[in-house]
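The values are calculated or read from the model by the stated rules, or taken from the named source; none is laboratory data. As the structure is a prediction and not an experimental result, all values here were calculated from the model. Neighbour counts run over all protein chains shown; Cβ positions are idealised from the backbone, glycine included.
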Amino acid sequence: MLSKSELRDLLNRAPKFEDMTSSLRAWARQPGAISREAEKVVAIARKFNEEVTRVHDLKLDARIQQDPEHLPWEIVEEANMRGFYTMFIPRVFGGKGYSLSCAGLFLEEIASACLATANIIGVHYLGFTILTASWNIKMIDRISREVAEGEKQGRPCLISLAITEPEAGTDAQNIELMDRGKLGCGAEKKNGGYLVNGTKIFISMGHVSTWHIVNAYTDLKKGSENTVVLAVKKGMPGFSTGGREHKMGQKGCPASELVFRDCMVPKEQVCFDSTDGQKQARGVKGTNAQMLAYIWGASRMGVASFGTGAARGAFETAREFAGRTEAGGKRLINQEWCQSMLAEMYKNAAASRALYMEATYANGLYGLWKYLNLKPVYYLNRILPSALFDAVGPWICRRRAVTRIARKVAFDRQTDAEIDRVDGWASLAKFAATDAGVKNCHMALEIMGQAGLRHDRGAEKMLRDAKLLQIYEGTNQINRINLFKRLVKPDDPEIEVFSQQAG
Ligand SMILES: Cc1cc2nc3c(=O)[nH]c(=O)nc-3n(C[C@H](O)[C@H](O)[C@H](O)COP(=O)(O)OP(=O)(O)OC[C@H]3O[C@@H](n4cnc5c(N)ncnc54)[C@H](O)[C@@H]3O)c2cc1C
């Protein structure tokens, strides 16, 4: 028999046993009620798909093809009415408090019917993610409560994330590349806050969102140490939305330009800056890197669920077609080549689901929503009455000490190995599931022949929509390099990652 120390030693040797099995730990440590929540959110998404997504998806795509300026308000209002924009916001901030561990399953379900619709809902949580990653509890509470109020009033209040710039996509997303890139969105520190000048592009739902969480830089040549995370509200002087991208897919979800011309962001809307970074154990640059890892760890898991939805949607469409279409006097589904293709497509979807659930477990155990998944916190969040949260929540969240303690716990207690696991697994799931989504869309078109190419059959739209997944939240090439950096690279200081810039 092994002694306890022998056992620990054997399991901790590289590659660490846990690196590839977050789920094994999660079974024991996460609250059991999450699995019942998961079933509930999937059922809610299915009903939405039947009543809304499948009714609008092709019409919306065709409409925006003809009129690129059209905005998807009909879907946004419906989602708002059904409570989707507060669904995964903790109840202490006025939300419905469903576990973020179920968000991927909810989004996969909607993505299996329409990726643009999944993004119209999901990208709001990307905005919520960067807000949360700043651990500025006062701002999280203020904005979340506006989202909840917007739901009550029937006036949707959504959040976007704005990092990408005309000259900096990949570079603005990776701490190693930032200082060699061409950052252009500057923030000048003034007495009352920050004066912002610059442009952001490709910001999903920019024209529709009320709040934009924006990364700007007090030194454009050294962004890694001078990032400021700002909350900019629609209508603020000096801020406007510019053009809209005319893109190949996910047409229903606008990708917007955001323009800042002497936009003064008051200090109450500064979510995080270098002064905050200095107070953390990893220092300014290290905490900026950690914040990015928090964001990508959660958001790439979400994009992986989109990829899985695409893989499933393509599989379901192809199987349905094969079941009712004859070729050579025999139904396609009775032909072995087709059976083998359908089995391969099913495998692609199932394997992708397993991967993003691993990334979900990693987030729940070590990442952004670790503390919400601790059993006492989880059950208190479920059982305490909303009136109590509404009465005391804002008062507690306004205390500076709460943000200070949250940052100490979240930033300083997260170990480097935990960051590697969350961020590495999210990259792995993202590129594997989105590649599988695109692959299945190709296979569906092969099975369907000319019918697959027709807009009214949906399969060609799925392929156009799915392709975008391989580009956003970091291209799949970059996610492969990030996986290498986080989990594959041996412990050898001579091996460099992200040491060269492309082009
Ligand atoms: C539909 C859509 C929605 C989006 N929504 C948002 C949003 O809401 N908010 C937001 O901030 N951004 C958003 N984006 C931006 C998206 O995250 C970027 O497009 C993506 O990160 C890639 O950046 P880029 O397009 O500038 O490509 P580039 O960075 O220019 O990359 C071009 C190519 O070079 C490769 N490359 C770049 N640098 C390196 C390197 N150092 N080493 C090796 N290879 C490299 C890339 O892999 C790619 O193949 C969205 C994009 C799309 C398409």
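The requirement of being more than 21 Å from Ile121 (Cα to Cα) and either among the β-branched types (Val, Ile, Thr) or outside any strand (DSSP E or B) (or both) is not satisfied by Gly206.
Conditions tested, residue by residue: (1) away from the ligand (no atom under 16 Å from the Cβ); (2) buried (at least 24 other Cβ atoms within 10 Å of the Cβ); (3) of a type in the set (S, T, N, Q); (4) at pLDDT 95 or above.
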| position | (1), (2), (3), (4) |
| --- | --- |
| Asn119 | no, yes, yes, yes |
| Ile130 | no, yes, no, yes |
| Ala148 | yes, no, no, yes |
| Lys189 | yes, no, no, yes |
| Gly198 | no, no, no, yes |
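Of all the criteria given as (1) modelled with pLDDT under 95; (2) closer than 27 Å to Glu268 by Cβ; (3) β-branched (Val, Ile, Thr), the one not satisfied by Ile405 is (1).
Take the conditions (1) closer than 22 Å to Pro72 by Cα; (2) within 15 Å of the chain's Cα centre (by Cα); Thr132 misses just one of them, which is (1).
Residues in the range 449-466 that are out of contact with any Ser or Thr (no Cβ under 9 Å at 6 or more places or on another chain) and either more than 16 Å from the ligand (Cβ to nearest atom) or of a type outside the set (A, V, I, L, M) (or both): Gln450, Leu453, Arg454, His455, Asp456, Glu460, Lys461, Arg464, Asp465. Taken over the range 233-282, the criterion of being of a type in the set (S, T, N, Q), more than 13 Å from the ligand (Cβ to nearest atom) and in contact (Cβ under 8 Å) with a residue 60 or more places away in the chain is satisfied by Gln269, Gln280. Of the residues making up the range 181-203, those that are part of a strand (DSSP E or B), farther than 13 Å from Glu257 by Cβ and aliphatic (A, V, I, L, M) are Ala187, Leu195, Val196.
Does Gly169 satisfy the condition of being in contact with a Cys (Cβ under 7 Å, 6 or more places away or on another chain) and surrounded by fewer than 22 Cβ atoms within 10 Å (Cβ to Cβ)? Considered against the rule, which asks whether it is in contact with a Cys (Cβ under 7 Å, 6 or more places away or on another chain) and surrounded by fewer than 22 Cβ atoms within 10 Å (Cβ to Cβ), Gly169 comes out as no.
Residue under question is Gly307, and the condition is that it be in contact (Cβ under 8 Å) with a residue 60 or more places away in the chain and touching an Asp or Glu at 6+ places or on another chain (Cβ under 9 Å); does it hold? The answer is yes for Gly307.
Per the listing Leu220, Leu230, the residue uniquely closer than 16 Å to Ile163 by Cβ, within 19 Å of the chain's Cα centre (by Cα), more than 12 Å from the ligand (Cβ to nearest atom) and of a type outside the set (Asp, Glu) is Leu230. Only one of the numbered conditions (1) crowded, with 22+ Cβ neighbours inside 10 Å; (2) in contact with a Lys or Arg (Cβ under 8 Å, 6 or more places away or on another chain); (3) modelled with pLDDT of 95 or more is violated by Ser352, and that is (2). Based on this model, can you work out whether Gly193 counts as at positive phi and surrounded by fewer than 17 Cβ atoms within 10 Å (Cβ to Cβ)? Spelling it out, it is not the case that Gly193 is at positive phi and surrounded by fewer than 17 Cβ atoms within 10 Å (Cβ to Cβ). The single condition among (1) more than 14 Å from the ligand (Cβ to nearest atom); (2) closer than 30 Å to Glu225 by Cβ that Cys157 does not satisfy is (2). Identification of helices (runs of 4 or more DSSP H) wholly contained in the range 346-456 with 1 or more residues that are touching a helix residue (DSSP H, G or I) at 6+ places or on another chain (Cβ under 6 Å) and under 30 Å from Glu109 (Cβ atoms) yields 375-383, 386-398, 416-448, 450-453. Evaluated against (1) touching a Lys or Arg at 6+ places or on another chain (Cβ under 9 Å); (2) not in a helix (DSSP H, G or I), Gly104 falls short on exactly one condition, (2).
Residues that are closer than 21 Å to Gln290 by Cα and part of a loop (DSSP other than H, G, I, E, B) were ranked within the range 160-180; the one that is nearest to the ligand (Cβ to nearest atom) is Gly169.
Scanning the range 39-63 for residues that are touching a Leu at 6+ places or on another chain (Cβ under 8 Å) and surrounded by fewer than 19 Cβ atoms within 10 Å (Cβ to Cβ) yields a single hit, Val42.
Looking at Ser240, Ser256, just one residue is among the small types (Gly, Ala, Ser) and within 30 Å of Lys461 (Cα to Cα), and that residue is Ser256.
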